[in-house]
Amino acid sequence: MSILSVEWTALLYLVAAVCFILALKGLSSPKSARRGNLIGAAGAVIALVTVFLSTELDNVALIIATILVGSAIAAPVSRKVAMTQMPQLVALFNGVGGGAAALVALLELTHVEGIGAVAAVAFTVLVGAVSFSGSVITFAKLQELMPTRPIVFPGGPVVMAVVAIASVAAAGWLVVTSDPTAAYVLLALGLVLGVLFVLPVGGADVPIVISLLNAFTGLTVAASGLVLGNTLLLVAGTLVGASGTILTRAMASAMGRSVAGILFGAFKGGSTAGSTIASDRPVRSSSAEDVAILLGYAQRVIVVPGYGLAVAQAQHTMAELATTLEAKGIEVVFGIHPVAGRMPGHMNVLLAEANVPYEVLQEMDEVNPQFKTADVALVVGANDVVNPAAKSSPGSPIYGMPILDVASARQVVFLKRSMRPGFAGIENELLFEPQTTLLFGDAKESLTKVLGAVKAL
């Protein structure tokens, strides 16, 4: 017997929906992101409790036990995961959401009536399966369990088209007949389609596909809301689907490419290749002491963080170096590219973890005009987002991508582990310019040496 009345259930669902909306608003800024997460979590708790109090559930003990087991696994994993592995975690969570929605729709098939409801089941099964298998492949690519480069094979576009057409046909079969066999065929085709969908994507494009698959999962959750007659699922899924779509378009725009080009560019040779071949061209390298002199006698320094900073866990050392320079009267700001790292906001969160003030974290459009007046641009672990090939090389896979105008600074210091290219798999011509100095080594070790030398000045 349900405890809550229909009116109270609707009211609590409304409160939960408002929490989800406020959570998305909070996530739009690093300053309010933590608060937004807490508000979203509160909304999820309200929704979960409301379901238990307003619905006559079977197997309550089994449901609670499953929630406890899942929480016991997820909580420590989420707390221990490194910032460099956050995109992989997001991909897994997203895939689980899509898979869960597909399974729920399969179970509800025998309880729904009407073409509209069965169509919602078909949509949820297909898109949820695509989201699940596609997310698993993105996880494997980012975790380097499989090659990160685009994986294509002869006739790949034809195979993908055939599977897509077969999936639409199976969905039509399910809508017309409500045959469970059609649902299982649709699920299998969706799983295959998800794999084929992600295999041709490589390099820096993978996080964008994660965002797109997140939008897919949101749509499946919204559709499952129609299947279950649950308004809150419909609202929450629509919010996730819309925000994921907006984020996908924003990331694609930040890379100067279309979503279609990112997904299918490998068939024409236009996707990021992910080459790891190191260049043997001569460059000007330096010592930590020489870099410290450049920084210590500058008036204005712009720091450009990248994935290498995250891998080395050097954010705290970088923050201390910035503080030390500021104590000497040197102005220090951080230039953040929209797709620096492996996902939007990656660098912001990483630097916030080291207590770098939000005020010195400047987005690309804001910081780009300032490079002309910077004495030193300090690039720590970034590469493709400062590569002039994006402006000067029409045949480059990153051509057209907006970049940070590091080349305009009077002096450029690159902290790199080696001469291996970035995720796009191409050389960075800026490394060979006369104003550029390279300091090779692990970012944290290099910054520690530079910090010590700056303090000794």
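The values are calculated or read from the model by the stated rules, or taken from the named source; none is laboratory data. Since we're looking at a predicted model, the values are computed, not measured. Counting neighbours? That spans all protein chains shown, and the Cβs are built from the backbone with ideal geometry, glycine included.
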* Asked: For Val60, are the conditions met, namely being farther than 25 Å from Leu361 by Cα, surrounded by 12 or more Cβ atoms within 10 Å (Cβ to Cβ) and at pLDDT below 90?
  -> no
* Exactly one of (1) surrounded by fewer than 19 Cβ atoms within 10 Å (Cβ to Cβ); (2) closer than 19 Å to Pro207 by Cβ; (3) not aliphatic (A, V, I, L, M) is unmet by Gly329. Its number? -> (2)
* Asked: Which of the residues that make up the stretch 185-236 are part of a helix (DSSP H, G or I), out of contact with any Phe, Trp or Tyr (no Cβ under 9 Å at 6 or more places or on another chain) and among the small types (Gly, Ala, Ser)?
  -> Ala188, Ser211, Ala215, Gly218, Ala222, Ser224, Gly225
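Yes or no, residue by residue, for (1) within 26 Å of Val240 (Cα to Cα); (2) modelled with pLDDT of 90 or more; (3) crowded, with 23+ Cβ neighbours inside 10 Å:
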| position | (1), (2), (3) |
| --- | --- |
| Val176 | no, yes, no |
| Asp179 | no, yes, no |
| Leu191 | yes, yes, no |
| Gly194 | yes, yes, yes |
| Ala204 | yes, no, yes |
| Leu219 | yes, yes, yes |
* Structure fact -> Subset of the stretch 334-353, residues in contact with an Asp or Glu (Cβ under 9 Å, 6 or more places away or on another chain) and surrounded by fewer than 22 Cβ atoms within 10 Å (Cβ to Cβ), comes to Pro338
* **Near pairs, Cβ below 8 angstrom, 6+ apart or cross-chain, from the stretch 130-151 (farther than 22 Å from Ala188 by Cα) to any residue that is among the charged types (D, E, K, R)** => Leu142/Arg342; Pro147/Lys141; Thr148/Lys141
* Asked: Taking the stretch 368-407, which residues are out of contact with any His (no Cβ under 6 Å at 6 or more places or on another chain), among the β-branched types (Val, Ile, Thr) and crowded, with 18+ Cβ neighbours inside 10 Å?
  -> Val376, Val379, Val380, Val386, Ile398, Ile403, Val406
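Working carefully through the options Ala354, Ala374, find the one that is of a type outside the set (Asp, Glu), modelled with pLDDT of 90 or more and within 20 Å of Val333 (Cα to Cα). Reasoning before the result, please.
Details: Ala354 fails: modelled with pLDDT of 90 or more.
Only one candidate qualifies: Ala374.
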* **Residues of the stretch 234-248 that turn out to be at pLDDT below 90 and in contact with a Ser or Thr (Cβ under 8 Å, 6 or more places away or on another chain), as a count** => 3
* Mind checking whether some residue in the stretch 109-129 is crowded, with 17+ Cβ neighbours inside 10 Å and on the phi > 0 side of the Ramachandran plot? -> no
* Asked: Got a number for residues in the stretch 9-27 being buried (at least 18 other Cβ atoms within 10 Å of the Cβ) and either outside the structural domain of Phe52 (by TED's automatic domain parsing) or under 10 Å from Leu232 (Cβ atoms) (or both)?
  -> 6
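Going residue by residue through the stretch 149-157, is there one that turns out to be over 27 Å from Leu92 (Cα atoms) and not polar (S, T, N, Q)? Before the answer, list the steps.
Let us first name the residues in the stretch 149-157 that are over 27 Å from Leu92 (Cα atoms), namely 154-155.
Restricting the remaining residues to those that are not polar (S, T, N, Q) gives 154-155.
Looking for residues that are over 27 Å from Leu92 (Cα atoms) and not polar (S, T, N, Q), one finds at least one in the stretch 149-157, hence yes.
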* **Test: Val227 is farther than 17 Å from Phe139 by Cβ, more than 23 Å from the chain's Cα centre (by Cα) and among the aliphatic types (A, V, I, L, M)** => yes
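Quick check on Ile21: is it hydrophobic (A, V, I, L, M, F, W, C), more than 24 Å from Phe132 (Cβ to Cβ) and assigned to a helix (DSSP H, G or I)? Steps first, answer last, please.
Numbers: hydrophobic (A, V, I, L, M, F, W, C): yes; more than 24 Å from Phe132 (Cβ to Cβ): yes; assigned to a helix (DSSP H, G or I): yes.
In short, yes.
Residues are listed down the side, and each one gets a yes or a no for (1) closer than 21 Å to Phe371 by Cα; (2) among the small types (Gly, Ala, Ser); (3) touching a Leu at 6+ places or on another chain (Cβ under 6 Å):
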| residue | (1), (2), (3) |
| --- | --- |
| Arg281 | no, no, no |
| Tyr297 | yes, no, no |
| Gly308 | no, yes, no |
| Thr323 | yes, no, no |
| Lys328 | yes, no, no |
| Gly335 | yes, yes, yes |
| Pro338 | yes, no, no |
| His346 | no, no, no |
| Leu350 | no, no, no |
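Condition check ((1) out of contact with any helix residue (DSSP H, G or I) (no Cβ under 9 Å at 6 or more places or on another chain); (2) modelled with pLDDT of 90 or more; (3) among the hydrophobic types (A, V, I, L, M, F, W, C)) across all residues:
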{"residue": "Val112", "(1), (2), (3)": "no, no, yes"}
{"residue": "Phe123", "(1), (2), (3)": "no, yes, yes"}
{"residue": "Phe132", "(1), (2), (3)": "no, yes, yes"}
{"residue": "Met160", "(1), (2), (3)": "no, yes, yes"}
{"residue": "Gly172", "(1), (2), (3)": "no, yes, no"}
* Kindly indicate whether any position in the stretch 385-403 is over 26 Å from Val201 (Cα atoms) and not aromatic (Phe, Trp, Tyr). => no
* Residue check, Ile73 of a type in the set (Val, Ile, Thr) and farther than 30 Å from Ala122 by Cα -> yes
